[in-house]
Every structure is written in C-alpha cells, then in structure tokens.
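> Please see the structure below; I have some questions.
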Amino acid sequence: MIEKISRNFFLHVSKNILLNKAAKRWGLRLGASQVVAGDCIEQMVSKVKELNKDGFVCTLDNLGEFVMSKEEAVAATEQIIQTLEAISKNKLNSQLSVKLTQLGIDIDRKFCVQNMYRILNTAKKYQIFVTIDMEDYSHCELTLDVLAELRKTYNNVGTVIQAYLFRSVQDVKNLKGIPLRLVKGAYKESNNVAYQDKRLIDENLLELIKIHLLSKSYTAIATHDHQLIDRVKKIVEENEISPDQFEFQMLYGFRNELQQQLLSEGYRVRVYVPFGTDWFAYYMRRLAERPQNITFALRGFFSK
Ligand code: FDA
C-alpha cells in the first residue's frame with residue numbers, strides 16, 4: 001500500500017514541469033549524482049571511460065523531456081549530435097539512447113523525424129547504434145510509426161518494448177529482425193492498456209524475451225531483477241542462443257555488484273548512462289520504481 005502511494009507520488013512529481021525546469025538550475029542534487037553521470041559532456045566522458053576500462057559497454061542518454069518549443073528541440077538535437085561527436089573523438093564504446101519528446105514529437109511529427117534524420121546521419125557516420133526509448137502509452141503507437149519510417153533509410157536504429165502493455169507481444173512479433181530493448185515499463189498506465197500485477201508483467205517480459213530471441217533477433221534484456229536474469233540465462237542455455245545475439249542492460253548506479261557478476265560470467269553488459277542538467281524526471285521515475293532508492297535522495301539531501 002505504502003509502496004503504491006510512494007510510486008504514484010514520485011510518478012506524479014516526475015511530470016511537474018515547474019519542478020523539472022527549476023531542477024535544471026539546481027545542479028545534480030538530492031543524491032541524483034549517484035545515478036546521473038554528471039551534468040556535462042566532460043564529466044560523462046570520464047565516467048564512460050572508467051566503465052569501458054572495466055569491460056562494460058554503454059548507451060548514453062543526454063537527459064531531456066517536456067520540450068515545448070521548436071527552439072528547445074533543435075537545441076536538444078545539437079546537444080545529442082555533440083554527444084555522438086564525443087563518443088567518436090574519445091573512442092568510447094557506447095551507443096546512444098534518445099526520447100522523441102525531447103526532439104519535438106509533441107510539437108510536430110515531421111519536424112521530429114527531421115531531427116532524428118540529423119542524429120542518425122551522424123550516428124551512421126560513426127557506426128553508432130541509436131535506441132529510441134519508449135515513453136508513456138500516449139507515445140507508443142507514434143514511436144513505432146516513426147521507427148518504421150526511419151528504418152526505411154537507417155538500420156542503426158531500434159526501440160524499446162514495455163512488458164506491462166497488453167499490446168507488446170504483437171509489437172515484438174511485428175518487429176522481428178529489429179534490435180530491441182525489452183523492459184518492464186516505467187510509467188503509470190491505466191488498467192485498460194497495461195497489466196498492473198507485478199507477476200503478470202514479469203511473465204510477459206519473459207515471453208517477449210523468448211519470442212525475440214527465438215526469432216533470431218538481437219535482444220537487450222534491460223532489468224535489475226536477478227530472478228528474471230537467472231531465468232533468461234536458462235532460456236539462452238536451453239535454446240543455444242549465441243552470446244552475440246543478446247546483452248544485459250542496467251542503469252548507471254544500480255546493482256553494481258550484479259553488473260560486475262554478469263560481466264565476470266562472460267555476458268555482455270551495457271550500462272545506460274544518463275547525463276545532463278535535465279535530470280529531475282528521470283530521477284523521480286527511479287525513486288518511483290524502488291522506494292528503497294530514497295536512501296540515495298536522503299543521503300544526498302543531508303550531505304549538501
Ligand atoms: P524491478 O524494479 O521490478 O525489481 C525486481 C526485483 O529486483 C526487486 O523486487 C528486487 O528484488 C530486485 N532489485 C531491483 N532493483 C534493485 C536494486 N537497486 N537493488 C537491489 N535489488 C534490486 N522503461 C521504459 O518505460 N522505457 C524505456 O525506454 C526504458 N529504458 C530502460 C533502459 C534500461 C537499461 C533499464 C535497466 C531500464 C529501462 N526502463 C525503461 C525502466 C524499466 O521499464 C523498469 O521500470 C526498471 O528497470 C525497473 O524494473 P526492473 O526490471 O529493473 O525490476
């Protein structure tokens with residue numbers, strides 16, 4: 001019960017535009033620096049170099065949501081292109097993750113697709129794969145439409161499918177052959193479109209993973225759930241899935257010991273590394289997922 005209230009509270013706060021704007025001026029506060037790799041490219045580069053040195057591969061997220069004007073979306077596009085340049089210049093072993101809301105999808109679809117073309121052109125030049133993060137349900141169909149359009153020209157782009165949505169089994173089947181990140185889902189969705197029961201979400205995630213792996217498609221399994229990871233290891237073993245066909249992904253700053261363990265067992269582990277000044281909504285969603293993460297926030301609060 002308390003968990004549900006706290007989840008709803010943090011998800012609600014994550015969408016507060018005034019707080020999101022104010023937080024940009026605060027710098028990384030409330031413990032956010034434990035899960036956000038700095039507020040500029042230089043700080044991010046040094047963190048990713050360390051991760052690469054330890055054997056992890058990465059995907060970078062130049063944080064940003066709630067873009068309200070074309071100017072903001074163009075500025076976000078420029079920053080993302082600079083991130084791609086930094087990956088190449090510093091020889092980082094990293095992919096890129098983007099959100100379509102950051103690139104103006106809520107303003108004008110065509111304009112957003114043009115921004116994606118610019119990003120994918122640069123990414124292609126440096127042979128960098130780009131994943132379009134999946135946002136709330138109101139953006140799901142739109143994101144899949146944009147992906148289909150982009151895939152006509154680029155093969156270095158994929159997306160994320162959320163196991164809490166009823167529609168996801170069909171979506172994964174439709175996306176056979178396209179690299180996908182499979183997750184439980186981070187937003188608050190209604191029971192008309194999404195499972196609410198944790199066990200059903202877990203079972204659906206395993207089902208999606210099986211479908212995509214068995215269709216010989218590249219599969220990123222993005223979870224911190226050790227029980228689920230153990231079950232995936234069994235599926236992979238039983239079906240003789242090649243290590244080149246899948247990877248585990250976890251968020252920067254979460255379950256470092258589990259990340260390390262998977263790496264030492266020989267699995268490919270990709271760390272999702274968010275950075276930038278626009279950290280508030282991302283951090284609030286992480287607090288919503290796991291109230292225990294509040295200890296990050298409390299420690300951060302008292303140490304300032
Ligand atoms: P969940 O939070 O359900 O935890 C399951 C169990 O694992 C817990 O009960 C506990 O036992 C253990 N556990 C989890 N975290 C722990 C911790 N920190 N310490 C100790 N034990 C812990 N979502 C989305 O909607 N769109 C997206 O594009 C993405 N992208 C994305 C990328 C990556 C790399 C990841 C890892 C996740 C996402 N997500 C996402 C978020 C995802 O949908 C989901 O909300 C979170 O990963 C939380 O769910 P988990 O599967 O990690 O396990």
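The values are calculated or read from the model by the stated rules, or taken from the named source; none is laboratory data. Everything quoted here is computed from the prediction, not taken from an experiment. Every residue, glycine as well, gets a Cβ built from its backbone with ideal geometry; the counts of neighbours run over all protein chains shown. Note: accessible area is taken over every heavy atom of the protein model, side chains too, but ligands, DNA and RNA are not part of it. Shrake-Rupley method; radii C 1.70, N 1.55, O 1.52, S 1.80 Å.
> If you check K91, K124, K110, which single one turns out to be at pLDDT 95 or above, open to solvent by 70 Å² or more (accessible area, probe 1.4 Å), within 26 Å of Y252 (Cβ to Cβ) and in a helix (DSSP H, G or I)?
Working: K91 fails: in a helix (DSSP H, G or I); K110 fails: within 26 Å of Y252 (Cβ to Cβ).
Within the list K91, K124, K110, the selection yields K124.
> Regarding E203, is this residue without any contact (Cβ under 8 Å) to a residue 24 or more places away in the chain, among the acidic types (D, E), in a helix (DSSP H, G or I) and more than 14 Å from the ligand (Cβ to nearest atom)?
Values: without any contact (Cβ under 8 Å) to a residue 24 or more places away in the chain: yes; among the acidic types (D, E): yes; in a helix (DSSP H, G or I): yes; more than 14 Å from the ligand (Cβ to nearest atom): no.
For E203, the condition - without any contact (Cβ under 8 Å) to a residue 24 or more places away in the chain, among the acidic types (D, E), in a helix (DSSP H, G or I) and more than 14 Å from the ligand (Cβ to nearest atom) - is not met.
> Take the residues of region 170-186 that are basic (K, R) and part of a loop (DSSP other than H, G, I, E, B): which is nearest to K216 (Cα to Cα)? Full working, then the answer.
From region 170-186, those basic (K, R) are 173, 176, 181, 184; that's our starting set.
Right, trim to part of a loop (DSSP other than H, G, I, E, B) and you get 176, 184.
Details: K176: 8, K184: 21 Å.
In this case the residue turns out to be K176.
> With respect to E247, is the statement that it is out of contact with any Pro (no Cβ under 9 Å at 6 or more places or on another chain) and either open to solvent by 30 Å² or more (accessible area, probe 1.4 Å) or more than 15 Å from the ligand (Cβ to nearest atom) (or both) true?
Working: out of contact with any Pro (no Cβ under 9 Å at 6 or more places or on another chain): yes; either open to solvent by 30 Å² or more (accessible area, probe 1.4 Å) or more than 15 Å from the ligand (Cβ to nearest atom) (or both): no.
Spelling it out, it is not the case that E247 is out of contact with any Pro (no Cβ under 9 Å at 6 or more places or on another chain) and either open to solvent by 30 Å² or more (accessible area, probe 1.4 Å) or more than 15 Å from the ligand (Cβ to nearest atom) (or both).
> Among the listed residues G177, G158, identify the single one that is out of contact with any helix residue (DSSP H, G or I) (no Cβ under 6 Å at 6 or more places or on another chain), closer than 21 Å to I80 by Cβ and small (G, A, S).
Working: G177 fails: closer than 21 Å to I80 by Cβ.
None of the others qualify; the one that does is G158.
> Okay, next question. Consider R25 against the criteria (1) at pLDDT 95 or above; (2) assigned to a helix (DSSP H, G or I): it satisfies all of them except one. Which criterion is unmet?
(1)
> Which residues, taken from region 180-200, are within 13 Å of the ligand (Cβ to nearest atom), touching a helix residue (DSSP H, G or I) at 6+ places or on another chain (Cβ under 9 Å) and not aliphatic (A, V, I, L, M)?
K184, G185, Y187, K188, E189, Y195
> Now a separate question. Here is a list of conditions, (1) of a type in the set (S, T, Y); (2) surrounded by 14 or more Cβ atoms within 10 Å (Cβ to Cβ); (3) within 28 Å of V35 (Cα to Cα), and S217 meets all of them except one; can you say which number that is?
(3)
> Quick check on my filter: what residues within region 258-280 are open to solvent by less than 10 Å² (accessible area, probe 1.4 Å), within 13 Å of the ligand (Cβ to nearest atom) and under 15 Å from Q34 (Cα atoms)?
If the condition is that a residue be open to solvent by less than 10 Å² (accessible area, probe 1.4 Å), within 13 Å of the ligand (Cβ to nearest atom) and under 15 Å from Q34 (Cα atoms), then V271, V273, P274 are the ones that fit.
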